[in-house]
Amino acid sequence: RHSLRKVGTSNDAVNTHQRPKVEEYDNHLFIVALMLSEASTVDTEQVAFFLGKGYVITFQEKPGDCFGRVRERISQNLGRIRGAGSDYMCYALLDAIIDGYFPVLENAGEALEALEDSVVSSPDASNVADLHNMKRDLLMLRRAIWPHREMVNNLIRGEHALIAADTRPFLRDCYDHTIQLMDIVETYREIASGLVDVYISSVSVKLNEVMKVLTIVATLFMPLGFIASLYGMNFDRSTSPWNMPELGWYLGYPFALLLMIASAGGLNWYIWRKGWMR
């Protein structure tokens, strides 16, 4: 740590809250990147690189990383990694970190598809919470990925003597990956925002369907209630022959029931012909 303090980069390596960046010193480059802790989460950890002539030193926050493929290439002598310089080794590690974001975004895309099906077919209040959590995770990924683009671009366009000309095309490919990741994140964020609107629309449609059914039921019972209340009036038939003469009929009760059925059936037929039930 004392030797690192001499070159003036120990604070950034130890304080793990740095943005991805590149700092040039007399005999080395100091690079900071954010690596996903696991492929299934959006938690990130800082990885600090010290790139010098003939060496690459990395500092991680905790055990576990996404460098398994790089170690395999080194141990099995695959590709040019063992014959290339330290700048290519640094590129390989950075590329592994950036490529580690793709599985997380793939999982996010599958989750969005499931949410879309749920929102359209059976919207539920839990969908809103899931969508907000998804938007928050995508925002965290955006904040993690965005500075990498500037950092890789600095390595490509900066006049760093430690970055060989034949390594820059590989870094440009790494830069393209950061652009692709940003496009995917922005697309997923737009989809998540659109699904919130779809949820609101779906709930409104279902509410309108419920209100339509209740309105039709209430409308059908309106004439029934009128007929029942009409024949429920307490007029004395002995006072006048005009006071509810139907109450004295032999078939007065069946007449009232048939009148209710005919009124409800006629109203139901009218509503159907108008297309209000469709």
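The values are calculated or read from the model by the stated rules, or taken from the named source; none is laboratory data. Keep in mind it's a predicted model, so treat the numbers as computed, not measured. No Cβ is skipped: glycine too gets one built from the backbone with ideal geometry, and neighbour counts run over all protein chains shown. These area figures cover heavy atoms from the full protein model, side chains too; ligands, DNA and RNA do not enter into them. Shrake-Rupley method; radii C 1.70, N 1.55, O 1.52, S 1.80 Å.
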Under the 7 Å Cα-to-Cβ spin-label approximation, residue 216 and residue 129 lie apart by a distance in nanometres of 3.5
Spacing of the two label points (7 Å from each Cα toward its C-beta) at residue 164 and residue 236, in nm: 11.9
Roughly how many debye, to the nearest 20, is the charge dipole of the chain about its Cα centre, given +1 on each Lys and Arg Cβ, -1 on each Asp and Glu Cβ, and no other charges? 200
Just to check I understand the Karplus step: with θ = phi - 60° and J = 6.51 cos²θ - 1.76 cosθ + 1.60, what whole-Hz values come out for the stretch 242-248, glycine and proline as x? 7, 7, 6, x, 4, 5, x
Set the Förster radius R0 to 51 Å, insert the Cβ-Cβ distance between residue 196 and residue 243 as r into 1/(1 + (r/R0)^6), and round the FRET efficiency to 0.05. 0.20
If you take Rg/Rh (Cα atoms, Kirkwood Rh) from the coordinates, which of (1) 1.47; (2) 1.00; (3) 0.97 do you get? (1)
Counting only helical runs of four or more DSSP H residues, what would the 222 nm mean residue ellipticity of the chain come to if each run contributes -39,500 (n - 2.57) and the total is spread over all its residues? -21500 deg cm²/dmol
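Return the carbon/sulfur percentage of the accessible area of the chain, one whole number, probe 1.4 Å, all protein chains in place.
Carbon and sulfur: 57 percent of the exposed surface of the chain.
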Pull out the extension gain between residue 182 and residue 150, defined as 0.36 nm times the separation in residues minus the alpha carbon to alpha carbon distance; nm, one decimal. 10.3 nm
On the full set of protein chains, 1.4 Å probe, figure out the accessible area of residue 187 and give it in Å² to the nearest 10. 70
Length released on extending from residue 255 to residue 102, taking residue separation times 0.36 nm less the Cα-Cα span: 47.6 nm
Where trypsin sites (Lys or Arg not before Pro) fall in DSSP loop in the stretch 130-199, at most 12 other Cβ within 10 Å: none
Got a number for the accessible area of residue 174? Probe 1.4 Å, square angstrom, nearest 10. 0
Dipole magnitude of the stretch 128-227, debye to nearest 20 (Cβ charges: Lys/Arg +1, Asp/Glu -1, about Cα centre): 260
Accessible surface, the chain, averaged per residue in Å² (probe 1.4 Å): 60
